[in-house]
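Each remark here refers to the structure printed beneath this line.
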Amino acid sequence: MAEKKSKRDSIGMDVKGCRTNNGFVQNEDILEKDPDPGSPMDSPQHCSVGILGPRELDFKDIQPYAGMPKEVLFHFSGQARYRVPREVLFWLTVAAVLVLTAGTIAMIAVSPKCLDWWQAGPMYQIYPRSFKDSDQDGNGDLKGIQDKLDYITTLNIKTVWITSFYKSSLKDFRHAIVDFREIDPIFGTMKDFENLVAAIHDRGLKLIIDFIPNHTSDKHAWFQWSRTRTGKYADYYIWHNCSHENGITTPPNNWLSVYGNSSWHFDDVRNQCYFHQFTKEQPDLNFRNPDVQEEIKEIIQFWLSKGVDGFSFEAVKFLLEAKHLRDEIQVNKTQTPDTVTHYAELYHDFTTTQVGMHDIVRSLRQTMDQHSREPGRYRFMGTEAYGDSIDRTMMYYGLPFIQEADFPFNDYLTRLDSPFGNSVFEVITSWMKHLPEGKWPNWMIGGPDNARLTSRLGERIC
Ligand SMILES: [Ca+2]
Ligand SMILES: [Ca+2]
């Protein structure tokens, strides 16, 4: 036994002029042995340790032991009974790490995202003139909205949506804007607006506002400069030659205003006709002019810098008109052309949803995104295109890699004559069926164009 142990301890080592290396073997005999003070082996000596060649090794009858030299270790580690379990454990560990990593990525990918503020709660749209009058002058105003914020909060509303409050003429429910950067005096002052924004944010609410970029008031300074062909403003609106004799205008084509009759109006200052999709007091801006697009972008930035959290861009399908002036097609081909005066009597293939319109909407999105980069400051963008088909409406969500609106407002429920049972089911399933993957739906149940829900349906249902 002692012989075997000695052989084990000294294997692989060729001692030349120094002690045999016993490694970490717990050889009590060696540890307890008093060294001979006179022995030359007591003093440190330089010695050389040589490794015997493979042919000199003899592992017969040797078992693995703690502290074995590497030659012995290699000998045993290469044996199948040690190598195979070791490799199995290694590859199992690698596989486990890969599975865990893939599982984590998959869970993150399929988990629903946290809702953004514009998804987390209802929006409450306010037509300020009829909401609350804080100074009893007969007109609702911005201070009135501020007075009602606590009430709005109790409704669990998350977003306040205020319709047009810009300085305007009295035309078309104040949608004929004289100055996009001013508050109309009947609603208050810019200071009132800034106080309202602060009060809304103090309550953890968000604010979005209406904006109709398609047109201005004919009282707007741009139009006044345009009709006198002043500098760059000469091309800010859509002007065409037309004849005007004895008080009768012959327009360039048969295009009609949304409110009926010709969409061209003769201007005796410029001696040309200008185009208007809505009233004649609302001349259409020329969105094919880059300067006009830049002006609109700067107006959006102005209000975003005031703290507005988003926009609802209205009437966007009217932004562009065909450059050719071909007549639009009559719905009833047998109708005498002179009697076609109602908007519904033409197909509006040349005055709505023209090629390039969505490019403008995307540029509006880009402007919003420039102000969304700070954490928690995402700027919402909605679009409104009343009367569009469901397919066209869905286009405002954008394309898979080109975003437009966060959502186009879904007013189909408000259009129902009898919002009950199957008709409601069809509206909801139609929207969900056409909704692009990953996009967010919305359900308008009222707005400034409709009577209140309780008035339409009755208190018992609401
Ligand atoms: Ca008032
Ligand atoms: Ca237009």
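Taking square-rooted eigenvalues a ≥ b ≥ c of the alpha carbon gyration tensor, is segment 283-350 rounded, prolate or oblate, where a/c under 1.5 means rounded and, failing that, a/b exceeding b/c means prolate?
Details: a/c = 4.48, a/b = 2.49, b/c = 1.80.
Prolate, because a/c is 1.5 or more and a/b exceeds b/c.
So what's the gap between the Cα centers of segment 377-429 and segment 145-163, to the nearest angstrom?
Segment 377-429 and segment 145-163 have Cα centres separated by 23 Å.
Using just the C-alpha positions of the chain as equal point scatterers, what log10 of I(q)/I(0) does the Debye formula give at each q in 0.12, 0.13 1/Å?
With no solvent term, the Cα-only Debye profile gives -1.15, -1.28.
Between segment 195-260 and segment 90-141, what's the alpha-carbon centroid distance in Å?
35
Residues with amide H under 5 Å of residue 398's amide H, sequence separation 5 or more or different chain, H placed in the peptide plane at 1.01 Å from N; which?
Those lying under 5 Å, H to H, from residue 398 are 404, 405.
Using r as the Cβ-Cβ distance of residue 390 and residue 420, and R0 as 22 Å, what FRET efficiency do you calculate, to the nearest 0.05? Numbers along the way, then the final one.
Details: r = 20 Å, r/R0 = 0.93.
Approximately 0.60, to the nearest 0.05.
Rounded, prolate or oblate for segment 272-395? Axes are the square roots of the Cα gyration tensor eigenvalues, ordered a ≥ b ≥ c, and the cut-off for rounded is a/c under 1.5.
Judged from the Cα gyration tensor, segment 272-395 comes out prolate (a/c at least 1.5, a/b above b/c).
Going by amide H atoms built from the backbone, whose H comes under 5 Å of the H on residue 383, apart from near neighbours?
Excluding prolines and chain starts, which carry no amide H, the hits are 313, 407, 409.
By average Cβ neighbour count within 10 Å, what is the ranking of 192-200, 72-80 from highest down?
Result, highest mean Cβ count within 10 Å first: 192-200, 72-80.
Under 5 Å between amide H atoms, partner at least 5 residues away or on a different chain: which partners does residue 284 have, H built in plane at 1.01 Å?
Long-range HN contacts for residue 284: 238, 275, 276, 277.
So what's the back-of-envelope 222 nm ellipticity for the chain, counting only DSSP H runs of four-plus at -39500 (n - 2.57) apiece and dividing by all residues, rounded to 500?
Calculated from helices alone, the mean residue ellipticity at 222 nm is -9000 deg cm²/dmol.
Taking 0.36 nm per intervening residue step and subtracting the Cα-Cα distance, what contour gain separates residue 182 from residue 322 on full extension?
Values: separation 140, 0.36 × 140 = 50.40 nm, distance 3.20 nm.
Extra length available between residue 182 and residue 322 comes to 47.2 nm.
Filter 323/433; 148/206; 219/297; 158/306; 143/439 down to the pairs with a C-alpha to C-alpha distance above 24 Å, please.
323/433; 143/439
List the trypsin sites (Lys or Arg not before Pro) in segment 370-436 that DSSP assigns to loop (not H, G, I, E or B) and whose Cβ has at most 10 other Cβ atoms within 10 Å. Which are they? Show your work: numbers first, answer last.
On the way: sites: 373, 377, 379, 392, 415, 433; in loops: 373, 377, 379.
Passing both the DSSP loop test and the Cβ count: 373.
Would you kindly derive the ³J(HN,Hα) couplings of segment 346-357 from the backbone phi angles with the Karplus curve 6.51 cos²θ - 1.76 cosθ + 1.60 (θ = phi - 60°), listing them in order in whole Hz, with x for Gly and Pro?
With coefficients 6.51, -1.76 and 1.60, one gets 10, 8, 9, 6, 10, 10, 9, 6, 7, 4, x, 4 Hz.
So, by mean Cβ neighbours within 10 angstrom, what's the order for 278-288, 446-456 with the highest one leading?
278-288, 446-456
Pairwise over distinct Cα atoms, reciprocal of the mean inverse distance: report the Kirkwood radius of segment 142-218 in Å, one decimal place.
13.2
With θ set to phi - 60° and the Karplus curve 6.51 cos²θ - 1.76 cosθ + 1.60, what are the ³J(HN,Hα) couplings of segment 180-197 in order, to the nearest whole Hz, using x for Gly and Pro?
Using θ = phi - 60°, the values come out as 6, 9, 10, 7, 5, x, 5, 9, x, 10, 4, 5, 4, 5, 4, 5, 5, 4 Hz.
Please list, in order along segment 88-99, the HN-Hα scalar couplings obtained from phi with the Karplus expression 6.51 cos²θ - 1.76 cosθ + 1.60 (θ = phi - 60°), rounded to whole Hz, x for Gly and Pro.
Per residue, the Karplus-derived 3J(HN,Hα) values read 4, 4, 4, 6, 5, 5, 4, 4, 5, 5, 5, 5 Hz.
Each reported figure results from applying straightforward, stated rules to the coordinates on display, with no laboratory input. Given the structure is predicted, the values throughout are model-derived calculations rather than measurements. Note: ideal-geometry Cβ built from the backbone for every residue, glycine included; neighbour counts use all protein chains shown.
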